[in-house]
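Reading through the structure tokens given below for one structure.
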There are 2 protein chains.
Amino acid sequence: MHIAELARIIKERRKVLGINQEQLSELTEIGLRTIKGLEAGKTNPTLHTISTILDVLGLTLEIKTKK
Amino acid sequence: MHIAELARIIKERRKVLGINQEQLSELTEIGLRTIKGLEAGKTNPTLHTISTILDVLGLTLEIKTKK
DNA sequence: AAGTAAAGAGCACTACAATGCACATAGCAG
DNA sequence: CTGCTATGTGCATTGTAGTGCTCTTTACTT
């Protein structure tokens with residue numbers, strides 16, 4: 001999992017749910033500037049930021065054995 | 001996925017593979033102090049740190065739809 | 001109990017994530 | 001082409017992740 005892939009998944013999921021970055025910022029209580037930077041692939045987000053956003057989007061992080 | 005759970009998974013997997021924190025630090029090129037802090041659940045690691053460690057441990061991060 | 005190896009923690013420093021604000025750019029409806 | 005809305009970005013600030021060094025604590029072995 002790299003940053004570009006995470007950014008893509010979050011952005012796509014957000015659009016499927018029909019909300020914009022500002023609404024996602026309010027729902028997650030994560031700064032709008034942070035959401036923008038993350039979706040644009042410009043930052044290396046922390047676990048807290050990632051899991052909070054995924055949670056609001058109805059997604060979860062899982063760890064699997066590499067095949 | 002929260003920090004304590006990630007710490008537990010990484011620590012257990014590392015022991016299964018029979019390596020210590022110092023060896024994991026060398027294999028991942030991530031500072032020993034960072035590995036120690038992460039496994040002790042004292043930090044909020046970045047995606048780069050998490051994915052690099054999981055990769056060396058033969059694990060991968062996946063994003064799933066919450067059930 | 002004593003010795004050794006591994007893990008945890010304090011301190012100080014650097015780099016950068018998170019943040020708000022303001023402005024720029026892209027996309028889309030008319 | 002013109003607005004309008006959403007997304008992207010530059011700048012400055014604050015907090016903290018990542019790091020090495022050193023010391024303490026824990027765990028295992030004899």
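Structural remarks
- One chain, two ends: residue A:66 and residue A:26. Fully extended at 0.36 nm per residue, the span grows by 10.9 nm beyond their Cα-Cα distance.
- Using Cβ point charges alone (K and R +1, D and E -1), the dipole size of the protein assembly as shown about the Cα centre works out to roughly 240 debye.
- Alpha-carbon centroids, region A:1-39 and region B:25-49: separation in whole Å: 26
- Taking the C-alpha atoms only, the angle from helix B:3-16 to the longest principal axis of chain B is near 50 degrees.
- Relative contact order (percent, whole number), chain A, Cα cutoff 8 Å, 6+ residue spacing: 35
- Size of electric dipole in region A:3-56: Cβ of Lys, Arg +1 and of Asp, Glu -1, about Cα centre, debye, nearest 20: 220
- J(HN,Hα) series, region A:36-50, from Karplus relation 6.51 cos²θ - 1.76 cosθ + 1.60, nearest Hz, glycine and proline x: 4, x, 5, 5, 7, x, 9, 10, 10, x, 8, 4, 4, 4, 4
- Values of log10 I(q)/I(0), in the order q = 0.20 Å⁻¹, for the protein assembly as shown under a Debye, Cα-only, solvent-free model: -1.15
- Percent of C-alpha pairs per 10 Å bin in region A:3-56, short distances first: 27, 67, 6.
Each reported figure results from applying straightforward, stated rules to the coordinates on display, with no laboratory input. If you're wondering where the values come from, they're calculated on a predicted model, not measured in any experiment. When we count neighbours, we look across all protein chains shown, and the Cβ atoms used for this are built from the backbone with ideal geometry, even at glycine.
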